[in-house]
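Step one of this worksheet: look at the structure below.
The values are calculated or read from the model by the stated rules, or taken from the named source; none is laboratory data. Worth saying up front: this structure is predicted, and the values here are computed from it rather than measured. Because the Cβ atoms are built from the backbone with ideal geometry, glycine has one as well, and the counts that use them run over all protein chains shown.
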Amino acid sequence: MDLDATLDRLAADPHGPVDLADLALHLARDEYPDLDIPAYLGRLDALAAHLRPRLTGALAPDAVELTHFLFREQSFAGNEADYYDPRNSYLNDVLDRKLGIPITLAVVAVAVGGRAGLTVAGVGLPGHFVAKVVGPGDAAVLFDPFHGGQLLDPGGCEALVSAVTGQPFAATPDALAATPPGYVAVRMLNNLKAVYLNRKDFARAARVMGRLVRLVPGDPEQERDLGVALVHAGQPGRAIDHLRAYLDRVRDAADELAVRDFLTDAMRDVARWN
């Protein structure tokens, strides 16, 4: 996979076909440059090979079989003890440790289920990511990868979102629709961005944001955040264009003065080197 080309394609069409596991592993190479991607894809293939003979073609039993296989027999689980560990966001670490956050565990389910012959999709609920096995017509079985593959109905989704966000949520068909691959990638990267910013690891945060700017090129806030992170990371020369792009795109922004201060500091630091 050519990662930059794939991100460009998803930027143009978030619904475009892509192997989410392959994409997630290529993104993980930013942190693990020597990552053996074919080996990890082979592990997903092997899991699928174990699951495939147990599937019957009946939607509900196959969904139960998938969740039982991954979250009981294989022991994949949500990392409730250390939710913000960045390793929860890298698919290779999730496969190695069998611990993850909702979205990476959903990617495992999509990858294994899809390779075994099921149609599995991620569903980006507010504040939480789940998955579903899709059958003929509009039939689907929803489940929560983070909580042991627990099966969900629309009411369960509403309760889950309310518990996580404290806000009411209506589980309409549109709200429970499959999340396009491009938006799954954005959400994965935004999670990792938040983890690194919280740790004040600005160099890694900027690296993640560079991917986000490529994936959502029309988002001025990503440009701003990347510029600010680069300033904090001691890379003012790289920050200038991103800060200028934000100010050019967002007129009379509420944070205009603060962003201009970052731009001034970056330009001053660059001038000092010349």
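Numbers at a glance
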quantity: Near pairs, Cβ below 6 angstrom, 6+ apart or cross-chain, from region 182-198 (at pLDDT 95 or above) to any residue that is among the polar types (S, T, N, Q); calculated: 191/89; 192/89
quantity: Those residues of region 164-223 which are β-branched (Val, Ile, Thr) and over 15 Å from residue 24 (Cα atoms), in sequence order; calculated: 164, 165, 172, 179, 195, 213, 216
quantity: Any hit, region 31-45, residues being over 19 Å from residue 110 (Cβ atoms), assigned by TED's automatic domain parsing to the domain that holds residue 112 and within 16 Å of the chain's Cα centre (by Cα); calculated: yes
quantity: Residue that is surrounded by 17 or more Cβ atoms within 10 Å (Cβ to Cβ) and of a type in the set (Val, Ile, Thr), where the choices are 164, 184; calculated: 184
quantity: Some residue of region 255-269 being among the aromatic types (Phe, Trp, Tyr) and more than 30 Å from residue 130 (Cβ to Cβ); calculated: yes
quantity: Qualifying residue in region 155-167 (condition: modelled with pLDDT under 95 and of a type in the set (Val, Ile, Thr)); calculated: yes
quantity: Enumerated helices (runs of 4 or more DSSP H) restricted to region 215-274, each holding at least 1 residues that are surrounded by fewer than 17 Cβ atoms within 10 Å (Cβ to Cβ), among the β-branched types (Val, Ile, Thr) and without any contact (Cβ under 8 Å) to a residue 12 or more places away in the chain; calculated: 256-273
quantity: Candidate set from region 138-158 (those that are of a type in the set (A, V, I, L, M, F, W, C) and under 23 Å from residue 72 (Cβ atoms)); member that is nearest to the chain's Cα centre (by Cα); calculated: 146
quantity: Meets criteria (farther than 24 Å from residue 155 by Cβ, in contact with a Gly (Cβ under 9 Å, 6 or more places away or on another chain) and of a type in the set (Lys, Arg)) for residue 97; calculated: no
quantity: Unmet criterion (only one of (1) on the phi > 0 side of the Ramachandran plot; (2) without any contact (Cβ under 8 Å) to a residue 40 or more places away in the chain; (3) crowded, with 22+ Cβ neighbours inside 10 Å) for residue 149; calculated: (2)
quantity: Check on residue 87, closer than 15 Å to residue 74 by Cα, charged (D, E, K, R) and surrounded by fewer than 24 Cβ atoms within 10 Å (Cβ to Cβ); calculated: no
quantity: Yes/no for residue 24 being buried (at least 19 other Cβ atoms within 10 Å of the Cβ), closer than 18 Å to residue 187 by Cβ and either among the hydrophobic types (A, V, I, L, M, F, W, C) or within 17 Å of the chain's Cα centre (by Cα) (or both); calculated: yes
quantity: Some residue of region 49-61 being aliphatic (A, V, I, L, M) and under 23 Å from the mean Cα position of the chain (by Cα); calculated: no
quantity: Long-range neighbours under 9 Å by Cβ, at least six apart or interchain, first residue in contact (Cβ under 8 Å) with a residue 40 or more places away in the chain within region 45-67, second among the polar types (S, T, N, Q) and surrounded by fewer than 13 Cβ atoms within 10 Å (Cβ to Cβ); calculated: 62/56
